[in-house]
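J.: Below you will find the structure I want to go over with you.
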Amino acid sequence: MTADGSNDGMAHAGCETSRNVRSWRPDPSVQDISGRLRSAGLRPTQQRLSLARLLFAQGDRHVSAEILHAQARNAHIPVSLATVYNTLNQFTEAGLLRELSVDGARAYFDTNTADHHHFIIEGGGVLDVPQDSIAITALPEPPEGMEIVRVDVVVRLRKIRRRTGARS
Ligand SMILES: [Zn+2]
């Protein structure tokens with residue numbers, strides 16, 4: 001793993017454990033996005049480019065289709081929610097995103113496709129768990145004919161409720 005000098009707190013520190021994950025290093029360069037789409041086997045249409053810019057030009061992120069759709073509208077990109085969904089699914093199939101199954105109601109898509117774990121905040125929100133802060137010491141034998149692809153740990157969070165009368 002190489003140090004890449006990024007230091008935005010919860011930043012992904014790279015990818016030590018990914019094996020067969022088609023991951024690329026996070027790169028803020030916008031010019032690169034068209035090439036990224038091509039090398040993932042996707043034709044860089046205007047719509048894909050616009051959404052890819054929103055997704056990938058800001059470092060690692062977790063977005064739902066609704067969030068991305070709202071951002072697209074703010075950026076005056078004319079695109080329907082259905083198209084945003086389709087594009088997110090195409091990017092996921094192409095290995096540019098990973099879909100997080102964390103919440104029955106909402107799918108989140110992660111621009112970091114390397115293996116890592118997540119905090120899920122009750123009521124909405126996803127954060128990366130700092131790397132190497134979870135140790136998995138035992139795994140079950142997979143059933144006959146199966147192999148383990150990866151292990152995703154989800155740590156669920158909620159705000160600490162203030163007790164009335166308690167002073168801190
Ligand atoms: Zn993540």
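The values are calculated or read from the model by the stated rules, or taken from the named source; none is laboratory data. If you're wondering where the values come from, they're calculated on a predicted model, not measured in any experiment. Neighbour counts are summed over all protein chains in view; Cβ atoms, including those assigned to glycine, are modelled from backbone coordinates with ideal geometry.
J.: Taking only the range 118-148 into account, find how many residues are part of a strand (DSSP E or B) and either crowded, with 18+ Cβ neighbours inside 10 Å or more than 15 Å from the ligand (Cβ to nearest atom) (or both).
T.: Filtering the range 118-148 down to residues part of a strand (DSSP E or B) leaves 118-121, 126-128.
Restricting the remaining residues to those that are either crowded, with 18+ Cβ neighbours inside 10 Å or more than 15 Å from the ligand (Cβ to nearest atom) (or both) gives 118, 120, 126, 128.
Adding up the residues that qualify gives 4.
J.: Name the residue that is farthest from the ligand (Cβ to nearest atom), counting only residues in the range 66-107 that are within 15 Å of Leu54 (Cα to Cα) and in contact with a strand residue (DSSP E or B) (Cβ under 7 Å, 6 or more places away or on another chain).
T.: Among them, the one singled out is Leu88.
J.: Considering each of Asp152, Asp115, Asp110 in turn, give the residue that is at pLDDT 90 or above, within 29 Å of Ser39 (Cα to Cα) and surrounded by 12 or more Cβ atoms within 10 Å (Cβ to Cβ). Steps first, please.
T.: Working: Asp152 fails: at pLDDT 90 or above; Asp115 fails: at pLDDT 90 or above.
Testing whether each residue is at pLDDT 90 or above, within 29 Å of Ser39 (Cα to Cα) and surrounded by 12 or more Cβ atoms within 10 Å (Cβ to Cβ) leaves just Asp110.
J.: Of all residues in the range 149-168 being closer than 24 Å to Gly59 by Cβ and part of a loop (DSSP other than H, G, I, E, B), which is nearest to the ligand (Cβ to nearest atom)?
T.: Within the range 149-168, the match that is nearest to the ligand (Cβ to nearest atom) is Asp152.
J.: So which residues in the range 102-117 are free of Cβ contacts under 8 Å to residues at least 40 places away in the same chain and part of a strand (DSSP E or B)?
T.: To start, the set of residues in the range 102-117 that are free of Cβ contacts under 8 Å to residues at least 40 places away in the same chain comprises 103-105, 117.
Selection gives Asp103 alone.
J.: Could you run through the range 80-99 and say how many residues are under 15 Å from the mean Cα position of the chain (by Cα) and closer than 10 Å to Ala65 by Cβ?
T.: Kept after step one, since they are under 15 Å from the mean Cα position of the chain (by Cα), are these residues of the range 80-99: 85, 87-99.
The next check asks that each one be closer than 10 Å to Ala65 by Cβ; those that pass are 85, 87-89.
Total meeting the criteria: 4.
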